[in-house]
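The block underneath contains the structure these notes are about, expressed in structure tokens.
Where a number appears in this text, it was derived from the coordinates with a stated rule and is not lab data. Owing to the predicted nature of the structure, the values given are computational and were not obtained by experimental measurement. Glycine also receives a Cβ, built like all others from the backbone with ideal geometry; neighbour counts cover every protein chain displayed.
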Amino acid sequence: MKPFFLFLILTMVLPLNEFTPLQTKIEGKATYYTKTKMELGSWGARMSEAQKKQVQERLKNRLEKTYHLTFNRYESLFVEEDKIDALSGATDSWGSNFSRGHQYKNLKDSTLVQSQEFYGKRFLVKDQLLPFQWILQSETKQIGNYLCFKAVTTVPTRALNWFDFSWNDLSDKPADEISMTPVEAWYTLQIPLNHGPAEFWGLPGFILEVSAGNTTMLCSEIILNPKEPIAINPPDKGEPISIENYRGTVKDKMSEMRNSYGRRRN
């Protein structure tokens with residue numbers, strides 16, 4: 001067996017603390033840009049190209065975002081960079097109710113702590129990390145200075161965007177089947193950590209790019225072991241709640257708003 005392939009196999013089966021026995025400290029900061037393809041469906045078919053462009057510009061803050069991931073060997077904090085709405089000059093208050101809050105992950109004990117603010121009330125969502133059943137591929141590509149390997153999986157869509165909301169969530173009709181989202185990730189063994197952006201983690205190396213559904217996250221900059229020490233503190237303000245109970249709280253509030261709006265129209 002050739003040495004390279006033996007090395008590759010070992011990195012895929014050994015736990016992190018055995019893979020880097022001589023590495024006493026690994027920490028850093030990574031910046032990710034995200035892009036989401038806008039799906040207009042049948043509604044978009046009736047729009048002119050100028051109208052589509054206007055809608056895209058109006059929704060740019062929701063379709064293109066910047067995130068910062070700070071990390072050490074086992075912990076990470078994923079934070080969205082605030083942006084001002086290009087047209088109104090204000091932050092997107094409606095969208096912020098259903099966007100990802102500050103997200104802390106601890107890989108040693110598989111825990112998630114995420115701050116969420118919903119219509120002025122703060123919640124502290126505490127739960128287990130989403131387990132991923134990654135399938136490692138042989139395909140490779142270069143991302144910046146890093147050789148990356150491909151991995152794929154599928155996960156329940158709701159497990160990825162539990163903090164988001166769709167009016168379809170208020171439907172009392174049982175779903176015929178669970179909606180699944182395909183995920184494609186690219187990770188590098190040159191950074192021997194199991195971290196990744198957003199909910200993603202658990203590969204033999206650091207995730208530099210991930211596509212889930214119609215959204216892609218790409219690492220544009222990474223700084224390892226900076227001179228200034230990195231402090232990673234989980235969010236600690238808000239009413240403690242599980243993911244399931246948070247979803248129920250949001251659903252009840254949106255149902256209340258819908259019913260209230262219906263009474264005003266009558």
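Values for this structure:
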item: Coil-residue GluC sites (Glu not before Pro) of the range 152-261, DSSP, other Cβ within 10 Å capped at 16; result: Glu177
item: Sparse-neighbour loop sites [trypsin sites (Lys or Arg not before Pro); the range 195-251; at most 11 other C-beta within 10 Å; DSSP]; result: Lys227, Lys237
